[in-house]
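Okay, so here's the structure we're looking at.
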Amino acid sequence: MPSAQICLVLASDSNYFGYLRDTLESIVRFPLGRTFDIKVISIGMIAEHQAWLRQNGIEVLTDLSRFPQFSTGEKHYVAMTCRPYIPETFPGYAAYVWIDSDIRFLQPDGLQFYVNHALNPANSVVIAHESESTYSFNANPISNREHHSDAFQRLSDEFGVEIAQYFQYYNMFNAGLFAARADSPLWARYKRNLSITMPHGVHWGREQDAMNVAIAEVGNPMIAPPTYNWLCRYSMPVWNAAVRAWVTPAEPERKIAVAHLVNSNQLVTFQEQTVRMYEIYKQIGLTT
C-alpha cells in the first residue's frame, strides 16, 4: 500500500543520472519532500544507478513496454511519453507530481505550492505557463515570432489549423513540472492527444502539445506563477546575496522557488568555447 497520498514521479537514463540525483537531493533537502513516495522510471539505467536509487528508498520501474515510443527507437523520449500513464503505472495514490530531472527546488514553497493544490477537486492540473516578460522568446520580437510560428506549424500538423489558430499567440503550459489528482479528467485527454501527436514524428514538443490541448479541453487549471517553474535557459536567475536567494533578473526581491535547467545538454558558445548549457548553470552556481 502507498505510504503517502501523493506520489512524486521522475524519469531518467544513465546519461541524465547526475541531473536526476541533484533533482532528488533538492526535493529531500526540505522536510516536506521526505514525506512523499518517490518513483523513478529507469530508461535503460545501469545497475549501479538503479542500486543508488533503491538504497535511498526510491522505487525504480524498468519495464518500458507500457509506454508508447517513437518509431525511431530513441528511448530517452520515454521521459516525455510516459507522463499521461502515471496514474495507472503507480496506482493507489490520490495525486501525482511529475518532475523533470532538470528541476531544482530552491525554496521550500516550491514543492509546497504543487502539493497544496494537487488534491483540490476544482483543479484539473497545477502547472505554470511559459510566460515571463524577461524570457528571451517574449523579450525579443524575432525570437517571439519564431517561437509562435514553430508552435503554430506543429499544432497545425497534429490537430489541424483551427486548433493551431486557437493557440497561435498563446504562451503554452510547461509540462516539465505539474501535479494532478488521480481522478482528474486531464489524464484521459492527455493520453488520447499524445496518440494523435506522436505519429507526426520525433519532437520534444509532441507531449507538451498533447498536454496543452488537454488542458484547453477540460479547463480549470490551477496556474502556478512562473517563479514556480522558472525556465533558466530563457532568463538566467540572479543570486541576491542580501536575501540569500536566487531571484528574477528584473526584480531583485522576487525569489525563484523552482529553477528548471532546460536544455542542459544543448551545446552553446560561451566565452568563445563550445560547452553544454549545464556548464553555464554550474558556473553560476545553479546546480548546487
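The numbers here are math on the coordinates, done by the rules we state, and not lab data. Small disclaimer: the values here were computed from a predicted structure and weren't measured. Cβ atoms come from the backbone with ideal geometry, glycine included; neighbour counts cover every protein chain shown.
Fully extending the segment from Thr269 to Arg145 would add 42.3 nm, taking 0.36 nm per residue of separation and subtracting the current Cα-Cα distance. Look at the dipole of the chain built from charges on Cβ: of Trp52, Pro249, Asn140, the Cα furthest out on the positive end belongs to Trp52. To the nearest whole percent, what portion of all C-alpha pairs in region 231-284 is separated by more than 19 angstrom? Counting every Cα pair in region 231-284, those more than 19 Å apart make up 31 percent. Cross-link partners of Lys191 among lysines, defined as those whose alpha carbon lies under 27 angstrom from its own and excluding same-chain residues fewer than eight positions apart: Lys39, Lys75. This ranking places Arg21, Arg34 by how few other beta-carbon atoms lie within 10 Å of each, fewest first, which gives Arg34, Arg21. For the peptides 257-263, 155-161, the ranking by packing is 257-263, 155-161, with the highest mean count of neighbouring Cβ atoms within 10 Å listed first. Cα convex hull, the chain: 137 Å³ per residue, rounded to a whole number. Available extension along the chain between Trp239 and Glu279 is 12.7 nm, counting 0.36 nm per residue and deducting the alpha carbon span.
Its Cα gyration tensor gives region 101-240 an equivalent ellipsoid; the semi-axes, largest first and in whole Å, are 24, 22, 12. With contacts taken as Cα pairs under 8 Å and at least 6 residues apart, the chain reaches a relative contact order of 19 percent.
Report summary: the helix-based calculation at 222 nm, which adds -39500 (n - 2.57) for every DSSP H run with n ≥ 4 and divides by the residues of the chain, gives -10000 deg cm²/dmol. Computed extension gain for Glu25 through Ser131, at 0.36 nm per residue and net of the alpha carbon distance, reaches 35.4 nm. Annotation: the antiparallel percentage among DSSP beta bridges lying fully within the chain is about 50.
Once a ≥ b ≥ c are taken as the square roots of the eigenvalues of the Cα gyration tensor of region 169-288, is the result rounded (a/c under 1.5), prolate (a/b larger than b/c) or oblate (a/b not larger than b/c)? Oblate, since a/c reaches 1.5 and b/c is not below a/b.
Residues whose amide H falls under 5 Å from that of Phe178, counting only those 5 or more places apart or on a different chain, are Trp98, with hydrogens built in the peptide plane.
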